[in-house]
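Student: Please find one structure pasted underneath; my questions will follow.
The values are calculated or read from the model by the stated rules, or taken from the named source; none is laboratory data. Nothing here was measured: the structure is a model prediction, and the numbers come from that model. FYI the Cβ positions are ideal-geometry reconstructions off the backbone, even for glycines, and counts take in every protein chain you see. Ligands, DNA and RNA are stripped out before the accessible areas are found, and what is left, the full protein with its side chains, is counted by its heavy atoms. Shrake-Rupley method; radii C 1.70, N 1.55, O 1.52, S 1.80 Å.
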Amino acid sequence: MSVKPDEGIIICRDVHKWFGDFHVLRGISLTVQKGEVVVICGPSGSGKSTFIRTINRLEEHQRGQIIVDGVELTNDLRNIETIRRDVGMVFQQFNLFPHLTVRQNITLAPVWVLKMKRAEADAVAMQLLERVGIPEQADKFPGQLSGGQQQRVVIARALAMNPQIMLFDEPTSALDPEMIKEVLDVMKELAHSGMTMIVVTHEMGFAREVADRIIFFDFGQLIEENTPEEFFHNPQHERTKLFLSQILT
Amino acid sequence: MMRSYEPASNAQLPPPTERIPVVRWLRQNLFSSWFNAILTLASAALIVTLVYGLGRWAIVEARWEVIPANLKLLVVGTYPIDQLWRVWATLYAIGLLSGFSGGLHGGLIRRIALVGAIAAIVLAILPFPLATRGWLLGAAASVGGGFGLGRLAQFATGGRSRRWIKRIEIAVWILSFPIGLVLLNGVGGPLPVIKARNQWGFLLNLLGAVVGIGLSLPLGVLLALGRRSKLPAIRLVCTAYIELIRGVPLISLLFMASIMLQLLLPDNIRPDLVIRAMITITIFSSAYMAENVRGGLQAIPKGQYEAAYAVGLNGALTTILIILPQALRAVIPAIVGQFIALFKDTTLFGFIAILELLNISRSVLSNLEWRGTIFELYVFIGVVFWILCYSMSAISRRIEKRLGVGER
């Protein structure tokens, strides 16, 4: 593979995907630089979630090329596992492991995948829980936490693998309004620390404040890409204007 | 216009209660009309007659002495008396181990060990031969000794470095099964092989249940995973196995194992009848177990797999660490139900010339002295099975409760 990492930490070239006959992704090309925060928005069903799930191979792309941190995603299981170790993911429905405590949720992958010593993993877990602001919940089970707390544990769980990239798939869509802020605050802190992030979200305030770039998806295509400033004040595409007018009123 | 509301009072009100006097309850529920009154009286008469008849039989007529007189035959069949210490030794080893685990961990295992010890002491009070009562007290003592050792181990190691003790403990538990079987069966030399292995009475029911449960659970898990495999060959083999075995009554499988193998395989490579029966019940039970486990696997949301993959776990680790623990706990009631069914199904061994508890009780009846004690024997057998099955179910309920911590 002759891909220089400085070309971009994530490189997608003409990515296509079908669900049966349905053409979900219709040729997405996107390059993300290290440290960049990219927000993806667009109407539901436009393929934005599917797209970020192809980046750690939770969905398989059927045409085109995806290169993450210099490694191309193919059917080779070793490549997939390498990339998944480097890419953290936060889900809309949290997906914490309900049979494990918060601490065990966080230390599981470092211990079993990175072969970290348990004591060291515990220390890392406590550090991360401090960072997301809920160290006192370490020995509770996910079911005993509020939605916002659960989502912060998910972020800590992903960070425990020391990833290069974090993917967020509508991280606040399943939360009560009062809890959205606590999750967004953690994400903002993460963005300012220099993490490469791709965020699918409808939180336009977050996008305006944190994103380096905003991408607008419709019908499986990337139809507009701009800085937040330009995106909000000077949208180019009719579809984007319509979307913004609906979401911002 | 704006309004603001103040809560009238912060005090909580008690929930409304309704207390009905006894007489009114009776009138409402049992004597609300003439017809209901007649039904109530008729039912009461029927119940009184039945209870009186049963009580009279149990207290006045029943010859319960048939049980202690034949206890050895019922429980261990023709196991030689001078070798009986091996059965007790196995029991003591289990008692010691349970006691040790109970002392080390406390909680549920401690409770089980305690109940076992109490049961041994209660049995020792009953009018069995003196030697038996002595052995029973010894069994209780072995639990106590194990408990002391467990507490000592916990105390001595104190804080963190207790993992190696737990590893040894688990290894000894696993090893205790083959060692127990070898001890009971014998290998020659100082431990002569016991003859007539098919005449061990209730011991055979217990061994059949232990072997069947111990093997059919892991086998069932593998079959369930195989049936959901992405590889068509594995999926096909597992599905065929499950559907084939589930479609055939256990009794016909047992007949096949006993008669057909007799015809098909020459003597020197044909395993012993009891072993064939145990293999058969394991094969049978594992097919049901597989479907129970598969039910649990299907209840796990897709997000759990995705989350596990996303943090870098591979397929095998995802299954072992994330999926199976959740799937198995979701189907504990079904799995324990299958354990109980398997235990009771060991009485079917009687149909293929194995003298397990039910079958050996008939040889008691053929003894002139005990003719006509069929009710006493069957009540006894029923009570024995009920106590053990109910214990399994009670233990499973406690396990469910404990594992349910923090679950939504």
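Student: From (1) surrounded by 21 or more Cβ atoms within 10 Å (Cβ to Cβ); (2) over 19 Å from the mean Cα position of the chain (by Cα), pick out the condition that doesn't hold for B:L123.
Tutor: Every listed condition holds for B:L123 apart from (1).
Student: Of the residues B:G212, B:G296, only one is closer than 26 Å to B:C389 by Cα, open to solvent by less than 60 Å² (accessible area, probe 1.4 Å), within 23 Å of the chain's Cα centre (by Cα) and away from every other protein chain (no Cβ under 14 Å); which?
Tutor: Selected residue: B:G212, the only one of B:G212, B:G296 that is closer than 26 Å to B:C389 by Cα, open to solvent by less than 60 Å² (accessible area, probe 1.4 Å), within 23 Å of the chain's Cα centre (by Cα) and away from every other protein chain (no Cβ under 14 Å).
Student: Check segment B:384-405 and report whether any residue there is modelled with pLDDT of 90 or more and in a loop (DSSP other than H, G, I, E, B).
Tutor: Looking through segment B:384-405, none of the residues is modelled with pLDDT of 90 or more and in a loop (DSSP other than H, G, I, E, B).
Student: Determine if segment B:268-282 includes at least one residue that is surrounded by fewer than 13 Cβ atoms within 10 Å (Cβ to Cβ) and closer than 30 Å to A:A158 by Cα.
Tutor: no
Student: Only one of A:F91, A:F97 is in contact with a Leu (Cβ under 8 Å, 6 or more places away or on another chain), at pLDDT 95 or above and within 9 Å of chain B (Cβ to nearest Cβ). Can you tell me which?
Tutor: Numbers: A:F91 fails: in contact with a Leu (Cβ under 8 Å, 6 or more places away or on another chain).
Going through A:F91, A:F97 in turn, just one is in contact with a Leu (Cβ under 8 Å, 6 or more places away or on another chain), at pLDDT 95 or above and within 9 Å of chain B (Cβ to nearest Cβ): A:F97.
Student: Inside segment B:1-111, counting only helices (runs of 4 or more DSSP H) that do not spill past its ends, which hold 3 or more residues that are surrounded by 10 or more Cβ atoms within 10 Å (Cβ to Cβ) and among the basic types (K, R)?
Tutor: none
Student: When both residues are 6+ apart or on different chains and their Cβ atoms are under 6 Å apart, which pairs have a first residue that lies in segment A:59-84 and is farther than 16 Å from A:D14 by Cβ and at pLDDT below 95, and a second that is in a loop (DSSP other than H, G, I, E, B) and of a type in the set (D, E, K, R)?
Tutor: A:I80/A:R57
Student: Determine, yes or no, whether B:E306 is charged (D, E, K, R) and within 14 Å of chain A (Cβ to nearest Cβ).
Tutor: So B:E306 passes the test.
Student: Something else about it: Quick one: in segment A:137-159, of everything that is open to solvent by 10 Å² or more (accessible area, probe 1.4 Å) and of a type in the set (A, V, I, L, M, F, W, C), which residue is nearest to B:A308 (Cα to Cα)?
Tutor: Per the criteria, the residue is A:L159.
Student: Please go through segment A:203-249 and pick out each residue that is open to solvent by 20 Å² or more (accessible area, probe 1.4 Å), within 24 Å of A:P163 (Cα to Cα) and either touching a residue at least 40 places away in the same chain (Cβ under 8 Å) or β-branched (V, I, T) (or both).
Tutor: Listed by number, the residues that qualify are A:D212, A:R213.
Results for (1) more than 14 Å from chain A (Cβ to nearest Cβ); (2) part of a helix (DSSP H, G or I); (3) not aliphatic (A, V, I, L, M), shown as yes or no for each residue.
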{"position": "B:L317", "(1), (2), (3)": "no, yes, no"}
{"position": "B:L324", "(1), (2), (3)": "no, yes, no"}
{"position": "B:A341", "(1), (2), (3)": "yes, yes, no"}
{"position": "B:F351", "(1), (2), (3)": "yes, yes, yes"}
{"position": "B:I354", "(1), (2), (3)": "yes, no, no"}
{"position": "B:R362", "(1), (2), (3)": "yes, yes, yes"}
{"position": "B:E369", "(1), (2), (3)": "yes, yes, yes"}
{"position": "B:E376", "(1), (2), (3)": "yes, yes, yes"}
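Student: Pairs, please: C-beta under 6 Å, at least 6 apart or cross-chain, first residue assigned to a helix (DSSP H, G or I) and in segment B:245-273, second hydroxyl-bearing (S, T, Y)?
Tutor: B:L253/B:T280; B:L254/B:T280; B:A257/B:T280
Student: So, one more: So A:G88 passes all but one of these: (1) within 13 Å of the chain's Cα centre (by Cα); (2) without any contact (Cβ under 8 Å) to a residue 60 or more places away in the chain. Which condition number does it fail?
Tutor: Going through the list (1) within 13 Å of the chain's Cα centre (by Cα); (2) without any contact (Cβ under 8 Å) to a residue 60 or more places away in the chain, A:G88 breaks only (2).
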